[in-house]
Amino acid sequence: MSVVANYIPRDSAVHRLSPLTKLGWSFLLMTLSCFFRDPLVLAGLFASIVLVALAAGILKEMYPVFKGLLFIAGLFILFQIFFISEGKTLFTLIPGTGIGRVTDLGLLGCLAMGARMIVIAASFPVLMGTTQIKDLVVVLVEKLKIPYPYAFMFVTSLRFVPTFMQEMDQIIQAQSSRAHRLDNKNFIKKFLSICPLAIPLMVTSVKKAERMAISMETRGFGVGKRTNLHVKQFRAVDAAVCSGMAAIGIAMVVLHFRGILL
Amino acid sequence: MTAEADCAGPAISVEKLTFCYPGSELKALDELSFQVSAGEFVGITGPTGAGKSSLLLCLNGIIPHFQDGKFHGAVKIDGCDTFDTSCAELARKVGSVFQDPEAQIVAPVVEEEIAFGLENLAIPPREIDQRIAESLELIGISSLRHRSTTQLSGGQKQRVAIAAAIALKPKILLLDEPTSELDPIGTMEVFEVLRRLNREHHLTVIVVEQKVNILVEYAGRLLIMKNGRIVCDAPPREVLERPELLTSVGLRPPPVGDLAFKLKQRGLYPGALPLTVGDAYQGLSECWADKGI
C-alpha cells in the first residue's frame, strides 16, 4: 500500500505537470491497452510507462513495483496457458501425454492478457509517485466535480493508515500479554483468534472517527464553498503534452483499425 | 462597568444550562450558570465524569448541534445564542483543541492541517498562506510546516492542533485536557503558549485540566466541577486557602500551595499563598530572613 501510493518528492518535469494531465495519461494508457492484443504493442506501452518513470527520476523506487507486477502477470499466464486448446501445439510439458499442452494462440493470448494487466496497473503507481495527493484532490474536486466529502474521505483514509497500524500493534501486545494465541495451526482457530483483535480495533476506530468528526465540525467542515491553499495551474506545457498524447492515442487507434497495429 | 464593556457583553455567558445524554436520566450538566469576560484565563477541573468535557462541547456548539440529548438553558458566545448559531459560524469565534491529538489531525502534512479550517471557511489562498505562517510562528513551530503529521511527537501534534485552532483567529480558545498525553516539559510548553496567547493577544482561554498544580500556576480563575455542577468559582489563591474544596471532589491540592497553607496555619508563612515553587521560595526566604535564619 505505502509503496504503491507514496509520493516521491523530486523536481522533474513530470512532477511539475498538472495532475489532470497525468490522470489523462493514465486513462489513455488504460484505454489503449484494451484496443491492442499484440504483446509487442502492449510491451511498447509498458516501455512508455518505464520511460515516464525514468524521466520523473523515480525509476529506482518504481523498480520493486514493476517487478511485483511482472511476477503476478507471470503467475497469471502460468495459470491460464494450459487451459487454451485452440491453435497449433508448440510443446507439451510432459511429452507424449498431452498434459501441459501449450498452443501458439494460447501463448499469444496469455502474453497479451498479462501485458495488458501490467499496463493498466503500472501507470497508477507512477501517477501517485509524481503527484501529491492534495493536488490530485483539488483536481478531482474542482475540475472533475467529484463532491469534496468523497475526495476528503480518500485523503483522510490514507492519513489514518499509520494510526490504525499503531493501534493494531497495541491491541496485539495487549491481547498477547493476556495469553491470547495468534499462532494457531488450525485454520478455523486462527481465523477465530482474529476476533479479539478486530473488535477492539473497530471500537477504537469508531471512537476516533467520532472525535475527528467533532474536530472537523469545529473548523467549519462542509459549510459550503471552500477555497484551496495550493492550486496546480494547468499550464501551456500541460496543454502541449495533452494534445501530444491525444494525437498519439488517436493515431494508434486509427492504425489499429487499419490493421497495421494489432 | 463601562458603557462599552456593557455593550460588548461577556465573552461567554451560560445560564441555567442543563444537559442529559440520550438514554440517561443522569444530568451531565445541572443548571450551570456562569460568565466569562473577554481576556480571562479560566481553568476547569474536577473528577472524571464531572461534566467538564460536556461543558466545553456546549461552548463550541457541538452540543446541541452535533450531539443529541436534552438541552435546557442558554449558552451565549460573544452575544450569540449557540442554539441559533451553526457550528461553522461559531468556529469563527471559538477555537477548540481536544484531548486526543491523533484523532483531531485530518491532513497528512502540517501545512494542510492548519489550512483545513481556513479552506472550509473559504478564506482566499493568499491569506491562508499568511495565516499559516502567523499561527505557526505564534505557537513556535514554524520549522514543522512541511513535516508529515504522522511523524510528529505527541507534544508537537498537540501544538499543531492548537495552531490549527488559532489560525481561524477565534476570540475564545477551548482546550479539553490538551496535555493528557504529554510529559511534564511538553505540558509546560503548551501552557506557556496559552499564557502568551492570553496575555499578548488578549485571547480568552478556557482549559479543562486534571493537573491542578499547573492550572493554579497559569489560570486566573478556577472552576471546580462535580456531578455536573460548579462547586467552586474562585481565583487560584482562594482555592489554595480552602484545600478542602479540592479534596472534597477527589482532587489533590498542589503540594507547594498545600505546604504553604499548612505553614501559614502555624504562622510560619507570610502573605498570600504561593502558586509556584518560585513564589514559595521567595515567601519562605522572607519569612526566614525576618526570623534571622
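The values are calculated or read from the model by the stated rules, or taken from the named source; none is laboratory data. The shown structure was predicted, so the numbers you read here are calculated from the model rather than taken from an experiment. As a convention, Cβ positions derive from the backbone with ideal geometry for all residues, glycine included, and neighbour counts pool all protein chains shown.
List the residue pairs whose Cβ atoms are under 7 Å apart, where the first residue sits in the range B:202-224 and is assigned to a helix (DSSP H, G or I), the second is surrounded by 23 or more Cβ atoms within 10 Å (Cβ to Cβ) and among the polar types (S, T, N, Q), and the two are 6 or more positions apart or on different chains.
Pairs found: B:Val212/B:Thr45; B:Leu215/B:Thr45.
Provide a single number: the residues in the range A:144-201 that are among the polar types (S, T, N, Q), in a helix (DSSP H, G or I) and surrounded by 15 or more Cβ atoms within 10 Å (Cβ to Cβ).
Matching residues across the range A:144-201 total 3.
Considering only residues of the range B:85-115 that are in contact (Cβ under 8 Å) with a residue 60 or more places away in the chain, assigned to a loop (DSSP other than H, G, I, E, B) and at the interface with chain A (Cβ under 7 Å from one of its Cβ atoms), which is farthest from B:Ser54 (Cα to Cα)?
Looking at residues that are in contact (Cβ under 8 Å) with a residue 60 or more places away in the chain, assigned to a loop (DSSP other than H, G, I, E, B) and at the interface with chain A (Cβ under 7 Å from one of its Cβ atoms), I get B:Asp100.
Kindly provide the set of residues from the range A:204-235 that are more than 7 Å from chain B (Cβ to nearest Cβ) and either in a helix (DSSP H, G or I) or in contact with a His (Cβ under 9 Å, 6 or more places away or on another chain) (or both), ordered by number.
A:Thr204, A:Ser205, A:Val206, A:Lys207, A:Ala209, A:Glu210, A:Ala213
With the requirement that a residue be surrounded by 20 or more Cβ atoms within 10 Å (Cβ to Cβ) and of a type in the set (D, E, K, R), what does the range B:192-210 give you?
Residue satisfying the conditions is B:Glu209 alone.
Residue by residue, here is whether (1) within 30 Å of A:Leu23 (Cα to Cα); (2) touching a strand residue (DSSP E or B) at 6+ places or on another chain (Cβ under 9 Å) holds:
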position: A:Lys134; (1), (2): yes, yes
position: A:Leu140; (1), (2): yes, no
position: A:Lys143; (1), (2): yes, no
position: A:Pro147; (1), (2): yes, no
position: A:Pro200; (1), (2): no, no
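Taking into account only those residues within the range B:116-148 that are touching a residue at least 40 places away in the same chain (Cβ under 8 Å) and at the interface with chain A (Cβ under 7 Å from one of its Cβ atoms), which is farthest from A:Phe154 (Cα to Cα)?
Among them, the one singled out is B:Leu121.
Taking the range B:250-290 only, how many residues are of a type in the set (Lys, Arg), assigned to a loop (DSSP other than H, G, I, E, B) and touching a Leu at 6+ places or on another chain (Cβ under 9 Å)?
1
Kindly provide the set of residues from the range A:74-104 that are surrounded by 14 or more Cβ atoms within 10 Å (Cβ to Cβ), part of a helix (DSSP H, G or I) and among the aliphatic types (A, V, I, L, M), ordered by number.
Within the range A:74-104, A:Ile77, A:Ile81 qualify.
One line per residue, one yes/no per condition, for (1) closer than 22 Å to A:Lys67 by Cα; (2) at pLDDT 85 or above:
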| position | (1), (2) |
| --- | --- |
| A:Phe83 | no, no |
| A:Glu86 | no, no |
| A:Ile94 | no, no |
| A:Val102 | no, no |
| A:Leu105 | no, yes |
| A:Leu111 | yes, yes |
| A:Ala115 | yes, yes |
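Given the conditions (1) on the phi > 0 side of the Ramachandran plot; (2) under 17 Å from the mean Cα position of the chain (by Cα); (3) free of Cβ contacts under 8 Å to residues at least 60 places away in the same chain, which single one is not true for B:Gly73?
Failing condition for B:Gly73: (2).
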